[in-house]
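We did not get these values from a lab; they are worked out from the coordinates using the rules stated. The shown structure was predicted, so the numbers you read here are calculated from the model rather than taken from an experiment. Please note: Cβ atoms are built from the backbone with ideal geometry, for glycine as well, and neighbour counts cover all protein chains shown.
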Amino acid sequence: MHANTRKMPKAIGGLAALVGVLALFGVARFYQADADREVRELPEPESRALYERTLETLRTSCMHVTGPNLSEYCRQQADIIRRFPQCDRACRETADQFVQPAR
């Protein structure tokens, strides 16, 4: 078998993996943009109420969570609250406590 022929499947596999990663990144960005839009489109009273409830949940109930299911819930709440335009520095610092560190 020719040396270039053996390298071809590896190159195709690498290209396929790269395309897959880029596709996943694109889907994630689509859902993030969709969630951002949904938050922006909430009527002001509902937006304010959801923001205040979510922030209160993060500051109270989520501060004492140790189990994986509730930890995931708190991470999701932190992600949601960061999408609100009124999420200031103190809000972001609270939300940051629930974000998993990058590995």
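Points 7 angstrom from Cα along the Cβ direction at Glu38 and Arg89: gap in nanometres?
Placing both labels 7 Å beyond Cα along the Cβ direction yields 3.1 nm.
Tell me, in nm to one decimal, what length is gained between Ser61 and Gln76 on full extension, where the rule is 0.36 nm per residue of separation less the Cα-Cα distance?
Stretched fully, the Ser61-Gln76 segment lengthens by 4.0 nm.
Can you tell me how much longer the chain between Leu50 and Gln97 gets when fully stretched, taken as 0.36 nm per residue apart minus their C-alpha distance, in nm with one decimal?
In short, 15.0 nm is gained.
Would you order Tyr73, Tyr51 from fewest to most other beta-carbon atoms within 10 Å of each residue's own beta-carbon?
Arranged by neighbour count, lowest to highest, Tyr73, Tyr51 become Tyr73, Tyr51.
Arrange Arg75, Arg48 by Cβ neighbour counts within 10 Å, fewest through most, would you?
Fewest-to-most ranking of Arg75, Arg48: Arg48, Arg75.
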